[in-house]
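To keep things clear, I will list the structure first and then write my remarks on it.
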C-alpha cells in the first residue's frame, strides 16, 4: 500500500493504492463529509484479490489540498475523479461512494457512463431529502460561525457526527482524525466551504437521469442511519434500473468502519455481476 499526490488542474489530491493489477477491474473508493480515505481502511484488506484499489481523499478533505479557489460541489468532485482515472491510466472502474461520495459516484455514472463499470452506494446522499436538519442549521449560521473559534465549531460538528456510530468510543477516535484538517482558522474556512455545498439542489437536479444508469449497481444501507434514512436507499433502488438494496440490521451511518466485512462482501458480490 502506498500513498501519493496527484496534481489535478492546479490542486493536489492524495490517494493510496492497494491490491494488485490483476485481471479484475480497478475499484475506486470515495468517502463523504467530513471524512477521508481513512474511512475505508478496514474494508480494503477484505476486498477480493486481483483488483487495483484506489482510495481517494476528495479536495478539501484528509491530506488533499484545502478548497481555496477549488469548487467542492458534486460535479467538480466527479470531474476531478475522472481526471484522477486519466492520470492513473484507468479506463474504467467500479466506483463505490459513501455519503457525499455516493453523490459524486452517481454523477460520475451519469455523466461518464463509459468510465464507471459498476456502482456502489453506501448510505449515499440523493434526491431532495438531505442534508439533515442539523446541517441545514449549521449552514444558516455560517455568517455567525465565520467569526467563532474553530474549536467551538468543531465541537458542534463532532457531537453530531458521533450519532452516526454504534460504537461511540471508536467513533470518537475516527471523528477526531477526520476533523483534524479543520482545526485551524484556514481549516474553519474549508469546513464552511464544504457546508455551503451540502445542498440537495444538485442531487435533485440529476435525479431524473438516475434511470439512465446502466451499470450494475449495489446499494447498502444502515437500518438505523440517523442522517440519511433507509427510505432514501429504497428510493434509489427503485429508481436505478436493476439495482439491489442490502440493509444491515441495526447499523448506523459509518458502514465502512463499523460493518467492514459486510461492505467488503457486498463490493465483492458487485464485482461478479
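The values are calculated or read from the model by the stated rules, or taken from the named source; none is laboratory data. Values in this document were obtained by computation on a predicted structure and should not be read as measured data. Cβ coordinates were reconstructed from backbone atoms using ideal geometry, including for glycine residues, and neighbour counts include every protein chain displayed.
What to note about this one:
- Note on region 242-273: residues that are touching a residue at least 60 places away in the same chain (Cβ under 8 Å), assigned to a loop (DSSP other than H, G, I, E, B) and closer than 22 Å to residue 171 by Cβ amount to 5.
- Taking region 1-103 and the strands (runs of 3 or more DSSP E) fully enclosed by it, the elements with 2 or more residues that are buried (at least 19 other Cβ atoms within 10 Å of the Cβ) are at 11-19, 27-30, 52-56, 93-99.
- Of all the criteria given as (1) within 20 Å of residue 116 (Cα to Cα); (2) surrounded by fewer than 16 Cβ atoms within 10 Å (Cβ to Cβ); (3) touching a strand residue (DSSP E or B) at 6+ places or on another chain (Cβ under 8 Å), the one not satisfied by residue 234 is (1).
- Selection status of residue 213, within 23 Å of residue 35 (Cβ to Cβ) and either under 17 Å from the mean Cα position of the chain (by Cα) or surrounded by fewer than 21 Cβ atoms within 10 Å (Cβ to Cβ) (or both): no
- Criterion (modelled with pLDDT of 95 or more, in contact with a helix residue (DSSP H, G or I) (Cβ under 7 Å, 6 or more places away or on another chain) and farther than 30 Å from residue 185 by Cα) met by exactly one of 92, 127: 127
- Check on residue 179, modelled with pLDDT under 95 and within 20 Å of the chain's Cα centre (by Cα): yes
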